[in-house]
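Notes follow the structure.
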């Protein structure tokens with residue numbers, strides 16, 4: 001290692017140690033488990049009268065990736081969101097719940113878990129539940145919105161994409177071209193369905209298609225129930241295409257075109273509230289290493305830890321590489 005690299009390494013370590021030892025309050029907050037719990041705390045979004053509305057946000061891909069890894073960017077945390085749903089519906093100080101959705105969808109398991117949670121909470125607590133669709137509420141993003149009592153979309157919202165997808169690649173011809181052979185040993189010919197190293201046989205495609213069709217049927221039923229539509233009506237608009245806010249309104253997928261404030265007004269009206277206080281849940285979470293390095297301007301500038309979009313894209317590529325193909329309520333573009 002040359003002299004310049006030693007100097008750079010020494011500066012890096014020195015800055016890191018200064019951050020850890022000279023700023024104990026900040027460092028303790030970054031490393032403490034309590035810091036994660038406080039992120040579930042409720043803060044006032046807008047002051048009003050004593051009665052309140054709970055305001056939740058669902059942003060990003062709907063996947064349960066566990067707790068925040070050291071370098072994970074801010075984004076959706078599935079278990080945290082489920083806890084927040086429970087708190088919003090069960091707390092007596094909140095008379096209605098508004099959910100802000102900005103998501104392309106995600107896993108069918110996680111999307112359905114949210115849906116089932118909302119359905120059970122609505123039945124138990126009987127609170128008005130209003131959804132506001134922001135830029136994107138497609139596929140799983142629409143799935144979790146369907147049980148709402150009222151759905152507000154912006155005119156530029158992209159929604160719909162009612163359907164299921166399992167993505168996969170096949171590199172068998174590429175491997176053959178370069179003399180690469182697959183030596184996977186499996187217990188049966190269908191154990192390696194969707195392996196990128198072999199051609200899918202017709203009977204294997206039929207197996208995967210049956211899973212997709214079953215999940216698609218669940219999606220159609222969810223929309224039919226939530227929107228009070230006949231199943232045939234849903235099937236007519238559920239070919240996977242996306243819709244603008246106005247197109248979704250024409251097709252019965254949303255109730256109103258407006259803004260977030262429109263959703264607050266609708267929730268207040270349904271709950272019989274006048275000028276309610278709106279409470280929001282802090283939903284952002286990022287890995288402790290990313291929080292630490294991002295808080296040091298020099299490190300953030302040099303290493304680009306603030307580029308959450310790039311880190312998030314890398315995280316998603318790693319997830320797909322480790323988990324493999326799985327059925328998704330996801331708008332793929």
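Among the numbered conditions (1) closer than 26 Å to residue 238 by Cα; (2) at pLDDT below 90; (3) in contact with a helix residue (DSSP H, G or I) (Cβ under 6 Å, 6 or more places away or on another chain), the only one that residue 199 does not meet is (1). Residue 224 fulfils the conditions (1) over 20 Å from residue 133 (Cα atoms); (2) over 22 Å from the mean Cα position of the chain (by Cα) except for a single criterion, (1). Would you confirm, using the coordinates I've provided, whether residue 123 is surrounded by fewer than 19 Cβ atoms within 10 Å (Cβ to Cβ) and assigned to a helix (DSSP H, G or I)? Against the criterion (surrounded by fewer than 19 Cβ atoms within 10 Å (Cβ to Cβ) and assigned to a helix (DSSP H, G or I)), residue 123 qualifies.
Let's see how each residue does on (1) in a helix (DSSP H, G or I); (2) at pLDDT 95 or above:
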site	(1), (2)
236	yes, yes
246	yes, yes
263	yes, yes
284	no, no
320	yes, no
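Of the candidates 213, 255, the single residue that is at pLDDT 95 or above and in contact with a helix residue (DSSP H, G or I) (Cβ under 9 Å, 6 or more places away or on another chain) is 255.
Candidates in region 265-279 are the residues that are modelled with pLDDT of 95 or more and not in a helix (DSSP H, G or I); of these, the one that is farthest from residue 45 (Cα to Cα) is 272. Per the listing 220, 212, the residue uniquely in contact with a strand residue (DSSP E or B) (Cβ under 8 Å, 6 or more places away or on another chain) and either free of Cβ contacts under 8 Å to residues at least 12 places away in the same chain or outside the structural domain of residue 51 (by TED's automatic domain parsing) (or both) is 212.
Regarding residue 194, is this residue outside the structural domain of residue 115 (by TED's automatic domain parsing), crowded, with 18+ Cβ neighbours inside 10 Å and not in a helix (DSSP H, G or I)? Give the steps one after another, and end with the answer.
Values: outside the structural domain of residue 115 (by TED's automatic domain parsing): yes; crowded, with 18+ Cβ neighbours inside 10 Å: yes; not in a helix (DSSP H, G or I): yes.
The answer is yes for residue 194.
With respect to (1) surrounded by 19 or more Cβ atoms within 10 Å (Cβ to Cβ); (2) closer than 30 Å to residue 270 by Cα; (3) at pLDDT below 60, the lone exception for residue 84 is condition (3).
Quick check: anything in region 155-169 free of Cβ contacts under 8 Å to residues at least 60 places away in the same chain and within 16 Å of the chain's Cα centre (by Cα)? First the steps, then the outcome.
If we filter region 155-169 for residues that are free of Cβ contacts under 8 Å to residues at least 60 places away in the same chain, which is where we start, we get 169.
After this cut, where a residue has to be within 16 Å of the chain's Cα centre (by Cα) as well, the list is none.
For region 155-169, residues free of Cβ contacts under 8 Å to residues at least 60 places away in the same chain and within 16 Å of the chain's Cα centre (by Cα): absent.
Could you tell me whether residue 42 is at pLDDT 50 or above and within 24 Å of residue 266 (Cβ to Cβ)?
Values: at pLDDT 50 or above: yes; within 24 Å of residue 266 (Cβ to Cβ): yes.
The answer is yes for residue 42.
Quickly run through region 112-127 and pick out the residues that are under 23 Å from the mean Cα position of the chain (by Cα) and closer than 18 Å to residue 52 by Cα. Hits for region 112-127 are 121, 122.
If a residue has to be assigned to a helix (DSSP H, G or I), over 11 Å from residue 145 (Cα atoms) and touching a helix residue (DSSP H, G or I) at 6+ places or on another chain (Cβ under 9 Å) to count, how many in region 86-111 make the cut? Give the derivation first.
First, pick out the residues of region 86-111 that are assigned to a helix (DSSP H, G or I): 86-90, 108-111.
From the residues that got through so far, the ones that are over 11 Å from residue 145 (Cα atoms) too are 86-90, 108-110.
Adding the requirement that they be touching a helix residue (DSSP H, G or I) at 6+ places or on another chain (Cβ under 9 Å) leaves 86, 88-90, 108, 110.
Looking only at that region, the number is 6.
Residue-level check: of (1) in contact with a helix residue (DSSP H, G or I) (Cβ under 8 Å, 6 or more places away or on another chain); (2) over 16 Å from residue 259 (Cα atoms), residue 79 misses just (1).
For region 236-255, name all the residues that are surrounded by fewer than 16 Cβ atoms within 10 Å (Cβ to Cβ), under 25 Å from the mean Cα position of the chain (by Cα) and on the phi < 0 side of the Ramachandran plot. Residues satisfying the conditions are 239, 241, 246. Selection of region 219-232 for residues being crowded, with 16+ Cβ neighbours inside 10 Å and in a helix (DSSP H, G or I) yields 219, 220, 222, 223, 224, 226, 227.
Here residue 168 meets each of (1) closer than 21 Å to residue 325 by Cα; (2) modelled with pLDDT of 95 or more; (3) surrounded by fewer than 16 Cβ atoms within 10 Å (Cβ to Cβ) with one exception, condition (2).
The values are calculated or read from the model by the stated rules, or taken from the named source; none is laboratory data. Computed from a predicted model, the values in this text were never measured in an experiment. With ideal geometry, Cβ positions are generated from the backbone for all residues, glycine too; neighbour counts draw on all protein chains shown.
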